[in-house]
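> My structure is below; once you've seen it, I'll send some questions.
The values are calculated or read from the model by the stated rules, or taken from the named source; none is laboratory data. Remember, it's a predicted structure, so these values are computed and weren't measured experimentally. Note: ideal-geometry Cβ built from the backbone for every residue, glycine included; neighbour counts use all protein chains shown. With ligands, DNA and RNA removed, areas are computed over all heavy atoms of the protein, side chains included. Shrake-Rupley method; radii C 1.70, N 1.55, O 1.52, S 1.80 Å.
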Amino acid sequence: GENVEQHPSTLSVQEGDSAVIKCTYSDSASNYFPWYKQELGKRPQLIIDIRSNVGEKKDQRIAVTLNKTAKHFSLHITETQPEDSAVYFCAASSGGNTPLVFGKGTRLSVIA
Amino acid sequence: DAGITQSPRHKVTETGTPVTLRCHQTENHRYMYWYRQDPGHGLRLIHYSYGVKDTDKGEVSDGYSVSRSKTEDFLLTLESATSSQTSVYFCAISESGITGELFFGEGSRLTVL
């Protein structure tokens, strides 16, 4: 089955700097890669996703890149703000009835 | 927020007792999921449902069972709770299946003593 590795497990950045979180996956059939954000004590929420026919997707200060050959995808957050502090989860799925497999999460701290 | 509620939100129980967590949705979404969240393990899928009475196992299904007799309700049962099942349980729903956005409930914190 699919295995998703996520790095780093914790990340601290200064406000205004960029943050990058990387994930690798094992199943070459995977074609859907979402990112979820979970603020302290809250539920996870989708922030951006990418499908295998696209190499990069942006939404304001966040972007996701996908390298299918290397089987890795990354979340990029630019101009970080304190409200970006949260746990971020990547996930992968090969579609059909195959459920999402999540990475173990990255705790991002943005220091003002 | 999507109309999804979990009950109870907090529960403390003893080893060996049965526990049922309820997930209720008002969105009429076809797909429903139960995840558990533990420090260092992220979100792990327990069971999921793709329709009334249609369920399947996830990666950590041992010790858990589920039932879905109505579109709006998905029940997670621990037949005989163990301390290793102490966790935060999240229900999630999706309209468009595996590759659609998951909407999570607020979570149920279960402590097994």
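So that you can scan it fast, the table gives a plain yes or no per residue for (1) more than 14 Å from every other protein chain (Cβ to nearest Cβ); (2) charged (D, E, K, R); (3) surrounded by 13 or more Cβ atoms within 10 Å (Cβ to Cβ):
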| site | (1), (2), (3) |
| --- | --- |
| A:LYS22 | yes, yes, yes |
| A:HIS72 | yes, no, yes |
| A:LEU75 | yes, no, yes |
| A:ILE111 | yes, no, no |
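The rows are residues; the columns are (1) at negative phi; (2) out of contact with any Leu (no Cβ under 6 Å at 6 or more places or on another chain); (3) not hydrophobic (A, V, I, L, M, F, W, C).
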position: A:THR10; (1), (2), (3): yes, yes, yes
position: A:LYS22; (1), (2), (3): yes, yes, yes
position: A:ALA29; (1), (2), (3): yes, yes, no
position: A:PRO34; (1), (2), (3): yes, no, yes
position: A:ARG43; (1), (2), (3): yes, yes, yes
position: A:ASP49; (1), (2), (3): yes, yes, yes
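> Of all residues in segment A:19-42, which are within 16 Å of the chain's Cα centre (by Cα) and under 14 Å from A:TYR88 (Cβ atoms)?
Residues satisfying the conditions are A:ALA19, A:VAL20, A:ILE21, A:LYS22, A:CYS23, A:PHE33, A:PRO34, A:TRP35, A:TYR36, A:LYS37, A:GLN38, A:GLU39.
Yes/no matrix, rows are residues, columns are (1) under 24 Å from A:TYR32 (Cβ atoms); (2) without any contact (Cβ under 8 Å) to a residue 12 or more places away in the chain; (3) not in a strand (DSSP E or B):
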{"site": "B:ILE46", "(1), (2), (3)": "yes, no, no"}
{"site": "B:TYR50", "(1), (2), (3)": "yes, no, no"}
{"site": "B:ASP62", "(1), (2), (3)": "no, yes, yes"}
{"site": "B:SER69", "(1), (2), (3)": "no, no, no"}
{"site": "B:LEU76", "(1), (2), (3)": "no, no, no"}
{"site": "B:SER80", "(1), (2), (3)": "no, no, yes"}
{"site": "B:ALA92", "(1), (2), (3)": "yes, no, no"}
{"site": "B:THR99", "(1), (2), (3)": "yes, yes, yes"}
{"site": "B:ARG109", "(1), (2), (3)": "no, no, no"}
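> State which residue is farthest from the other protein chains (Cβ to nearest Cβ) when the search covers only segment A:1-20 and only residues that are part of a strand (DSSP E or B) and not polar (S, T, N, Q).
A:VAL13
> So how many residues does segment B:28-44 have that are part of a loop (DSSP other than H, G, I, E, B) and facing chain A (nearest Cβ under 8 Å)?
The qualifying residues number 2.
> I'd like the full set of residues that are more than 10 Å from chain B (Cβ to nearest Cβ) and buried (at least 17 other Cβ atoms within 10 Å of the Cβ), limited to segment A:31-46.
Within segment A:31-46, A:TRP35, A:LYS37 meet the criteria.
> Which strands (runs of 3 or more DSSP E) does segment A:46-85 wholly contain that include 3 or more residues that are of a type in the set (D, E, K, R)?
In segment A:46-85, the matching strands (runs of 3 or more DSSP E) lie at A:56-59.
> Please specify each residue of segment A:89-104 satisfying the condition of being small (Gly, Ala, Ser), outside any strand (DSSP E or B) and either more than 15 Å from B:HIS41 (Cα to Cα) or open to solvent by 10 Å² or more (accessible area, probe 1.4 Å) (or both).
If the condition is that a residue be small (Gly, Ala, Ser), outside any strand (DSSP E or B) and either more than 15 Å from B:HIS41 (Cα to Cα) or open to solvent by 10 Å² or more (accessible area, probe 1.4 Å) (or both), then A:SER94, A:GLY95, A:GLY96 are the ones that fit.
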